[in-house]
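Below is one structure, written out as structure tokens, with a few remarks after it.
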């Protein structure tokens, strides 16, 4: 089993020398940064490049782990280290079962960041019920209610402060990415999954609040993520368990759901998460948005002009895993234009499938490079170095 080469040490040194603050109002990269990233990219093998396009649970690095049971890895084992030498990843997402107390988290983060691939550490910390740190009473952090209730009684300045506070304690614990804020517009009272997680039922208010939250995170050195494109607020189904759709046309989405995303793009949002919802009146099919070239490449990338990282929602969710294999979903999402595949149900088969797709010519290495560049640029701006 081959060792991950000197890239890891070079990447760590490079990231240490880079600022952690992100783009302000779509600011261009610092001079020379793209050239440095290009040199990094040229030093990677295909296998190392493919690994950068996956963000997984720590359990996925254990070859004997069976998805659906055994969640809650609290440390990095030697078996996980050995596996990650051949299956490096660009990001790792932690959930509540992986977080016990500050001492344990500190140790886990240090060991995860020492793995091949120099993975970004990611978490869902929205405020309210979706908060992996603040929901744990062993952490002494300021706690916020769900954004829908918090935003209703606070000014944009307070929303900025909320993002700054959350970003600050995430940075202190070694995280790089917060999968927040929710940029959905809460327009359907029957929606079972968004509700008060969204800032508002008014698209303009949701847009201004999402931007302020992003700016607060960015000020703390944390990359924020607008979710769930093209808008989960008007759907009835829950993609965690199965099919969900929006029946709006693209013109209708532009008048409402797109306003927070367009505002976030203008403000330099580092990451946008694409949901698994179907949009048949936009795409002409029931294919989930996370696998749709129309949604990802035609609408988000080309029409809205978004140049940052596009990540899928969790691929273990029922809307994907009940209809597609992990292998098929990974290849289809990257083919459609996504940059990062989040939490596939079977990481090993998803990784192998992407490798095979490149070898077979179904995915070109140039297409892989396009996404790896974005991941490396994000790392250069936000990667948090931790003491060994």
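The values are calculated or read from the model by the stated rules, or taken from the named source; none is laboratory data. Values in this document were obtained by computation on a predicted structure and should not be read as measured data. Virtual Cβ from ideal backbone geometry, glycine too; neighbours counted across all protein chains shown.
So, in region 213-237, of the ones that are surrounded by fewer than 24 Cβ atoms within 10 Å (Cβ to Cβ) and over 19 Å from the mean Cα position of the chain (by Cα), which residue ends up modelled with the highest pLDDT?
Among them, the one singled out is 234.
Taking residue 115 as the residue in question, decide whether it is modelled with pLDDT of 95 or more, surrounded by fewer than 22 Cβ atoms within 10 Å (Cβ to Cβ) and assigned to a loop (DSSP other than H, G, I, E, B).
yes
Among the residues of region 157-170, are any part of a loop (DSSP other than H, G, I, E, B) and touching a strand residue (DSSP E or B) at 6+ places or on another chain (Cβ under 8 Å)?
no
Picking from 93, 133, which residue would you name as being touching a strand residue (DSSP E or B) at 6+ places or on another chain (Cβ under 7 Å), outside any helix (DSSP H, G or I) and farther than 26 Å from residue 371 by Cβ?
Checking each option against the conditions leaves just 133.
Just checking: which of the helices (runs of 4 or more DSSP H) contained wholly in region 284-388 hold 3 or more residues that are at pLDDT 95 or above and touching a helix residue (DSSP H, G or I) at 6+ places or on another chain (Cβ under 6 Å)?
Here the list reads 326-336, 347-360, 365-382.
For every residue, the table says whether it meets (1) within 25 Å of residue 102 (Cβ to Cβ); (2) in contact (Cβ under 8 Å) with a residue 12 or more places away in the chain.
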position	(1), (2)
153	no, no
170	yes, yes
180	yes, yes
195	no, yes
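Of all residues in region 165-202 being surrounded by fewer than 20 Cβ atoms within 10 Å (Cβ to Cβ) and in contact with a helix residue (DSSP H, G or I) (Cβ under 6 Å, 6 or more places away or on another chain), which is nearest to residue 149 (Cα to Cα)?
Within region 165-202, the match that is nearest to residue 149 (Cα to Cα) is 196.
Within region 16-37, can you find the residues that are modelled with pLDDT of 90 or more and either loosely packed, with under 13 Cβ neighbours inside 10 Å or over 30 Å from residue 85 (Cα atoms) (or both)?
Matches in region 16-37: 35 only.
Scan region 47-65 residue by residue and report those that are more than 22 Å from the chain's Cα centre (by Cα) and either in a helix (DSSP H, G or I) or in contact (Cβ under 8 Å) with a residue 40 or more places away in the chain (or both).
63, the sole residue that qualifies.
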